Amino acid sequence: MSNTYFSTPLIFLIDVLFSIYITIVALRLIMQWAQWEYHHPLVQLIIKATQTPVKFLRRFIPPFGRWDSATLILLFALSFVKLALISLLQSQTSYQGFFIGWLLADVFSLFITLFTFSIIIEVVLSWVVPPHSHNPITPLIHSMNAPLLRPVRQRLPLMSGIDLSPLVVVIGLQLLSMLVLPILVMAP
């Protein structure tokens, strides 16, 4: 059996497990930015899942303004470990500048993906959930997407009663991804 027989499933497992936890850490940053309701069950889950490493890092890393620097450092550290493990398993040695570009691209792409999916979820929920019913996730997603959607909604009129701002923002996020990611992963 070849060396990739075991390394490919292991790379997949490392990528999936790290990506799940990195997403939870990224949501902790987003929940502070979007000012999610602290007592919401999903917010409490995110806090409990990330509290131990964030609390440890806060001993050494002070907050920067209203941003939680410890959470941001944890996000980059986890992405670094994930990429380093995958790189080791693929038997690739990479130039440090190139690796830093991959690290920045990994985190950037995570946030593009999170916002893209949250906007799509918000749109789908607006179609299937009755207007005055209670859905516990709706306020969180709405407050997360509002800073991105609000400026577009103010400039883009409704078209026959249809709000096209989510489509414009998703296209903008994908365009931004196509313009920035190649620059980040480009070898120096």
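Every number here is computed from the coordinates shown, using simple stated rules; none is lab data. The model shown is predicted, which means the values in this text are computed figures rather than measured ones. So basically every Cβ, Gly included, is an ideal-geometry build from the backbone, and we count neighbours across all protein chains shown.
Tabulated results
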{"quantity": "Sorted by Cβ density within 10 Å, fewest first, the residues W36, W102, W67, W127", "calculated": "W127, W67, W102, W36"}
{"quantity": "For region 49-56, Karplus couplings with θ = phi - 60° (6.51, -1.76, 1.60), whole Hz, Gly/Pro x", "calculated": "6, 10, 4, 4, x, 5, 4, 4"}
{"quantity": "Longest segment of the chain lacking trypsin sites (Lys or Arg not before Pro) that sit in a DSSP loop with at most 13 other Cβ atoms within 10 Å", "calculated": "67-188"}
{"quantity": "Tilt relative to the chain, helix 165-185 - C-alpha long axis, 0 to 90 degrees, to 10", "calculated": "20 degrees"}
{"quantity": "Gyration tensor (Cα) of region 59-183, equivalent ellipsoid semi-axes in angstrom", "calculated": "35, 19, 14"}
{"quantity": "Taking V128, V168 and counting other C-beta atoms within 10 Å, the order from fewest to most", "calculated": "V128, V168"}
{"quantity": "Sorted by Cβ neighbour density within 10 Å, fewest at the top, the residues L179, L75, L42, L173", "calculated": "L179, L42, L173, L75"}
{"quantity": "Shape of region 1-93, Cα gyration tensor, a/c cut at 1.5", "calculated": "prolate"}
